[in-house]
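Notes to accompany the following structure.
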Amino acid sequence: MRRTLSILLMLTALAALFPACDKDGFDIPGDSTPRTSPTQREDGMTGRDALILYSAGFNNLASSLDQDIQELASGYVPTGAFYEDGIFIISRSSLKKGYAVSVPTYIIRMYTDMDGKVQLDTLQALPDAIGASSLTMNTALSYIKDNFGADRYGMIFSSHASGWLPPGYFSSSSVIDLSGPGPRMAPPAMPQADQYSWPVFPGPLTKSIGQDEVKYPTTLPKPFEMSLDQFTDAIPMHLDYIIFDACFMGGVEVAYALKDKADLIAFSPAEILSDGFDYTHLAQRVFNEGSPDIKAVCQDYFNCYKDNDGDRRSATVSMVVSSNMQGLADVCKNLIDAHASDLEHVDPRYVQRYYRHSSHWFYDLEDYLLKAGISATEAAALHDALSKAVITSYETPWHTDSFMPGSGGFSINHYSGLSTFIPMGEAKFTNAYRDTRWNKAVGLVK
């Protein structure tokens, strides 16, 4: 879901709650003139890793995403030496000039200089490039791949997002009563505010694949978003990991779509508060000796929230091993084939949900299948497949007692780590779902 509120309200609240780090006055470059040039890798050179922060912030998250970059700079940052690992930031932000002026998407390298100061150097500026565009993402990632030549790449994607939903679908729910005998659907979305295309929910601002508001004169769609397939196909290299600092991406549909693109995927099946992941320790975790410690990234994230009070205690997080996603799909296909009629009669009111208000496309995968009345043997096979696909970290309790209890939230009584869609009779959504890679593998929507 989108982290929504008016820009003014968001900036005021965040300024009070999350003051920016003072890192020697460093700032995102405001011009398009490269201060350093990338160095082509020589044959035989090995050992470098690249962390890429894709920050699509031409939206009401601009201040939060800028704060993420500040926090990243406050932690471990490699030097600019040739053999060092690299941190790259791809950023398009509305923070400085608002929505009325088109700004470039910058490709930036973050490094520590000889004096121990963190520097942000512009490598390239892509004029008028929409950050939430698959073309921009492919261009920027290809630039890093072609010019940096790392042995391993990983990406954290930070912006709004809405799981498997196609662009524009999040705010277009029909009004059908869940309690009646007819088609199963959720209540209507709350009224929209100003020109934003997403419902405005009460409570903390939350993160909700990419969004550009593009309110300057243009013929582009407003807002501009990527579909899951566009996002997946835009990635030009194999990734060791993808971390989604964005709402609702922890769905089985997302994990299956990306299984051949990344070895590990970390995400949340529910919303993410606007302050997001722990960027201060991020580089330390992913540049870990041996291999990136994504479990620790997930634990750091959860630790930021677990001791808070009220709505600010809300967090879910999962890590998926992509090589085991096909095994999960095979088990789910067998269950869906065997219990097609039972699944049609599952009452979604009694299935673990991960949404607030009308965003009724995100339910717990395991709980949904259990509510269809599968046998104990089938349930054991499903649980085994899920335990291989979804890996959690240490003793961290991967759910809170209640998610945003003061803002139309929900209790978490069952947590498999992956959400799924429950078909509810809306042709627009079921038709779109039919074409997802996960649905083609398991046949939930015929």
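Bear in mind these aren't lab numbers, they're just calculated from the coordinates by the rules spelled out. Worth saying up front: this structure is predicted, and the values here are computed from it rather than measured. Positions of Cβ are generated from backbone atoms using ideal geometry, with glycine treated the same way; all protein chains shown enter the neighbour counts.
Brief remarks follow.
- Comparing Cα centroids, the range 255-274 and the range 90-114 end up 25 angstrom apart.
- Per the Debye formula on identical point scatterers at the alpha carbon atoms of the range 52-114, with no solvent, log10 I(q)/I(0) at q = 0.12, 0.17 Å⁻¹ is -0.33, -0.61.
- Estimated distance in nm for a label pair at Ser402 and Thr377, the labels positioned 7 Å out from Cα along Cα-to-Cβ: 4.2 nm
- Mean shadow area of the range 247-362 over all directions, Cα convex hull, nm²: 9.2 nm²
- Intensity falloff of the range 324-442 expressed as log10 I(q)/I(0), Debye formula with alpha-carbon point scatterers, at q = 0.11, 0.23 Å⁻¹: -0.39, -1.52
- Estimated from the Cβ-Cβ distance and a Förster radius of 30 angstrom, the FRET efficiency linking Val101 and Ala427 is about 0.15.
- Once the Cβ-Cβ distance of Ser323 and Glu84 is raised to the sixth power relative to R0 = 25 Å, the FRET efficiency obtained is 0.25.
- Protection proxy ranking, peptides 127-136, 312-321, 425-434, average beta carbon neighbours within 10 Å, highest first: 312-321, 127-136, 425-434
- Efficiency of FRET between Asp151 and Lys215 - r from beta-carbon atoms, R0 51 angstrom, step 0.05: 0.80
- Computed about the Cα centre, the dipole magnitude for the range 329-376 is approximately 260 debye when only Lys and Arg (+1) and Asp and Glu (-1) carry charge, each at its Cβ.
- With Cα atoms defining each centre, the range 117-154 and the range 280-359 are spaced 28 Å apart in the structure.
- For Cys304, Cys332, Cys247, order by how many other beta-carbon atoms lie within 10 Å, fewest first: Cys304, Cys332, Cys247
- Cβ-based exposure ranking for Met155, Met110, in which fewest neighbours within 10 Å come first: Met110, Met155
- Least to most buried among Leu53, Leu386 (fewest other Cβ within 10 Å first): Leu386, Leu53
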